[in-house]
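I have placed the structure first, in the form of C-alpha cells, so that the comments after it can refer back to it.
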Amino acid sequence: MEETNKELFEKVVKVAQSRGFVFNASSIYGGLRSSYDYGPLGVLLKNNIANYWWKDINNDNEISIFPVDTAIIQSSEVWKASGHLAEFSDPMVDHKPTGERYRADQVPDDIDKADLTEPRQFNLMFETSIGPVQNENSTVYLRPETAQGIFVNFENVLRTMRAKIPFGIANIGKSFRNEITPGQFIFRTREFEQMEIEFFCKEEDENRWFDYWVKKRMEWYKSIGIPDTSLRLREHSDNELAHYASKTVDIEFLYPWGWGELEGIANRGIFDLSSHQKASGKDLSYFDSENNEKIIPTVIEPAGGLTRTLFALLCSSYDEDEVNDTTRTLFRFDFNIAPIQIGILPLSKKDELIEISNNIKNILQESFRTEIDVTQSIGKRYRRQDEIGTPYCITVDFDSLEDNTVTIRNRDSMDQQRVAITDLLGFFSDI
Ligand code: GAP
C-alpha cells in the first residue's frame, strides 16, 4: 500500500471504529482476528445499501426478480453437486521458519520464496456437524455463497410464483469462507454478507442479459455515491474462471491499496441446475411454451458483497477539509444512503428547545432517518455529525421559540439557512 493510501486506509478504519460503524468482534477478550461486529451506524448504512439493492433490481418492468431467504446450513448433497466440496479450494503454502500460512498468490513480497512449502489445496468451507452424534452423516457446511440456496429452490419458486423466463431469484445474507489470508479490515473476512441474483434466461439471450446486468450493476454502484473514476470492469482470463463459469466480468473498485473485486458477474450456463437435477433426480427443467420444449435455463449471476460495498463506500466517501485552520473529517455520503440523514441539535438542553426538537423529529422521522443530539457544544456536535456523514443538521435556538424557524446547515458547503419549521418536510422531500 502506498504511504498516502495507507494513511487513508488507517483513517477510514479509525473513524469507522471510533464512531460506531464497525467494532472488532469479541473486543473485550482482545478480539478475534478478521472478525467484525457492525455497530448502530454500520447497521443503518448496511441496511440502506441492502434496501437500495432490492429497490434497484426490481425497477425494471420487463423482468421479475423474486426474493428468497435461504438457510445457511443446507444438505451436504448441495455442496457435493455444486462442486464446492471438490473444487472450492485455494492453493496454500506454509512459511517454514514461522509456520504462517498464505494463499499461494498472496505471499508478502518480503518473504523468501525458498522458505515456502509446495502449494497444497485447502477447502474454504467451514465444516460443522448437526445433531448430538458426530459421524460422517452429521457433517454439514456453512454456505460459502448464497447462490446455491437459489438453485435448490429454483423449482419451488418457478411453481409457486408461476414464473416465466427471463426472471431472477435474489438472495441476500451471510456467507462463510475459511479464507487463508483474510484482511484489510472488512474487505476480506471469513464471515461476510453477499447479495446475489441468479437470472434465468434462454441460452440464445445469454449475451444480451450478461451485458444488461454488467451495465445495471455498474450504474447501481454509481447511484449509491461511488464515483465512476473509482470503478472499472475487468474480464477474467480463462485460468481465473471459477469451476462453474464460462465468462466472468468483475466490477472493481479502487481500494486504498489498488484495484480489487467489488462484484462478479458470471455466466454460469446450465452448470448448477443440471448438476442438481442429476444429483437429486428431480426435474429442474423449464417448459418453454413458445417452442413446446423442456429446457434447462441459462444463468447469469450478478454476485455482490454487501459488507464489501459498505467498505468501498466508506473509502470513497471519506474526506477532510480545512475549516478555520482545523481539519474537518467527514464521510460525504449521499443523502439517500447516509445512516443519519438529519441531525437535530437544540442549542441548549432547556426544556422549550428540547420540546421543539422532539416536535421536529416527529414531523420528519416517518420519512427520514433523524437523530436528536444534545451532548457537548454545538461545534463538537457539528463535528460528530460531519464525521458520521450526516448531510444536514437542524439547529434549534432561542429565536425558534419566537418565530418558529430553525437553521439548516449543509454538511458539504456548510451554508446555513433559516427555514420555517412548517417548511422542513417540503425542504427535505425536495432533495
Ligand atoms: N456466487 C458467486 C460468488 O460467490 P464471488 O466472486 O466468490 O462469487 C461474490 O463472491 C462477492 O462476494 C465478491 O465480489 C465480494 O464482494 C464478496 N466476497 C467474496 N468473498 C468475500 C470475503 N471473504 N469477504 C468479504 N466479501 C467477500
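Taken together, the values in this text are just the output of simple stated rules run on the coordinates, not laboratory data. Everything quoted here is computed from the prediction, not taken from an experiment. Cβ: placed from backbone, ideal geometry, glycine included. Neighbour counts: every protein chain shown.
For residue 350, the aspartates and glutamates whose Cα comes closer than 12 Å to its Cα, not counting residues fewer than 8 places off in the same chain, are 397. Taking amide hydrogens as placed 1.01 Å from N in the peptide plane, the amide H of residue 129 sits under 5 Å from those of 140, each at least 5 positions away in sequence or on another chain. Taking a ≥ b ≥ c as the square roots of the eigenvalues of the Cα gyration tensor of the range 288-372, is the shape rounded (a/c under 1.5), prolate (a/b larger than b/c) or oblate? Verdict is oblate for the range 288-372. Angle check, please: helix 378-387 long axis (alpha carbons) against the longest principal axis of the chain (alpha carbons), in degrees 0 to 90, nearest 10. Relative to the chain, helix 378-387 is tipped by roughly 20 degrees.
Compute the length gained on full extension between residue 291 and residue 80: take 0.36 nm times their separation in residues and subtract their Cα-Cα distance, giving the result in nm to one decimal. Display every interim value, and only then the final one.
Working: separation 211, 0.36 × 211 = 75.96 nm, distance 3.31 nm.
Contour length minus Cα-Cα distance gives 72.7 nm.
For the set 202/278; 80/247; 6/349, the pairs lying more than 31 angstrom apart at their alpha carbons are 6/349.
Note on the range 30-91: semi-axes of the ellipsoid equivalent to its C-alpha gyration tensor, largest first and rounded to whole Å, are 28, 25, 11.
Scaled against the 2.2 N^0.38 Å expected of a compact globular protein of N residues, the Cα radius of gyration of the range 291-330 reads 2.55. Entry note, the chain: relative contact order of 13 percent, from Cα contacts under 8 Å with a spacing of 6+ residues. Only lysines eight or more places from residue 113 in sequence, or on another chain, were considered; those with a Cα closer than 23 Å are 96. Separation of the range 261-278 and the range 391-422, taken as the distance between their Cα centroids, equals 53 angstrom.
Considering only 367, 422, 401, the residue lying farthest towards the positive end of the dipole of the range 340-429 is 367, judged by Cα position with unit charges set on Cβ. All C-alpha pair distances within the chain, sorted into 10 Å bins from zero, spread as 4, 18, 26, 23, 16, 9, 4, 0 percent across the bins. The distance separating the Cα centre of the range 212-240 from that of the range 98-125 comes to 30 Å. Among the GluC sites (Glu not before Pro) within the range 261-304, those in coil by DSSP and having at most 11 neighbouring Cβ atoms inside 10 Å are 290. Computed on the range 12-141, the Cα convex hull volume stands at 241 Å³ per residue. What shape does the range 340-429 take by its C-alpha gyration tensor, where a ≥ b ≥ c are the square roots of the eigenvalues and a/c under 1.5 counts as rounded, a/b above b/c as prolate, and the rest as oblate? Rounded. What FRET efficiency would be calculated for the residue pair residue 361, residue 325, taking the C-beta separation as r and a Förster radius of 35 Å, to the nearest 0.05? So the FRET efficiency works out to roughly 0.55. Cross-link reach is defined here as a Cα-Cα straight distance under 16 Å, omitting same-chain residues fewer than 8 places apart; for residue 55 the lysines meeting it are 46, 216, 222.
Counting charges near residue 374 (Lys, Arg +1; Asp, Glu -1) among other residues having Cβ under 9 Å from its Cβ returns a value of +1. Normalised by the number of residues in the range 282-401, the mean separation of alpha-carbon contacts (under 8 Å, six or more apart) gives a relative contact order of 27 percent. Can you give the angle from 0 to 90° between the axis of helix 3-18 and the longest principal axis of the chain, with both taken from C-alpha atoms, to the nearest 10? So the inclination is approximately 70 degrees. Report the relative contact order of the range 340-429, percent, no decimals, based on alpha-carbon pairs under 8 angstrom and at least 6 residues apart. Taking the mean separation of contacting Cα pairs over the length of the range 340-429, I get 30 percent. Taking Cα atoms, how many degrees apart are the long axis of helix 351-364 and the longest axis of the chain, rounded to 10 and kept between 0 and 90? Tilt relative to the chain: about 40 degrees.
The calculated FRET efficiency for the pair residue 336 and residue 232, based on their C-beta separation and a Förster distance of 25 Å, comes to about 0.55. In the chain, helical runs assigned H by DSSP with n ≥ 4 each contribute -39500 (n - 2.57); averaged across all residues and rounded to the nearest 500, the mean residue ellipticity at 222 nm is -9000 deg cm²/dmol.
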